[in-house]
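Before any comments, here is the structure.
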Amino acid sequence: MTSKGVGTELRKLLPDWIVSGKKSCSCDSAAEKLDRYGVAWCEQNTEHIVQYLVDQSEHLIPAFRVVPASGRQAIAERLVSKAIKNAKA
């Protein structure tokens, strides 16, 4: 599958069971926006993207809610970094 951008790559990194069937999750529309904004914008706004992911973590399965905010932040930072790297490849 060819990358369309950072949003597509980020979505690929999130397991389907985390986001599928979640009415309150706007993952696909957020991914489309990141794809439209482009890699350069995402690199310059990494902190904004990370914060969005951390904010969305409240919609995940209850087991993930017990992870401290600092842990969710670290995971989100790694996911965004990897998605940007993959989109550039």
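Numbers at a glance
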{"quantity": "Out of Glu32, Glu47, sole residue that is of a type in the set (Asp, Glu), under 12 Å from the mean Cα position of the chain (by Cα), open to solvent by 80 Å² or more (accessible area, probe 1.4 Å) and at pLDDT 95 or above", "calculated": "Glu47"}
{"quantity": "Some residue of the range 4-19 being of a type in the set (A, V, I, L, M, F, W, C), at pLDDT below 70 and open to solvent by 40 Å² or more (accessible area, probe 1.4 Å)", "calculated": "yes"}
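The values are calculated or read from the model by the stated rules, or taken from the named source; none is laboratory data. Keep in mind that what you see is a predicted model, and the values were worked out from it rather than measured. Just so you know, the surface numbers come from the protein's heavy atoms only, side chains and all, with ligands and any DNA or RNA stripped out. Shrake-Rupley method; radii C 1.70, N 1.55, O 1.52, S 1.80 Å.
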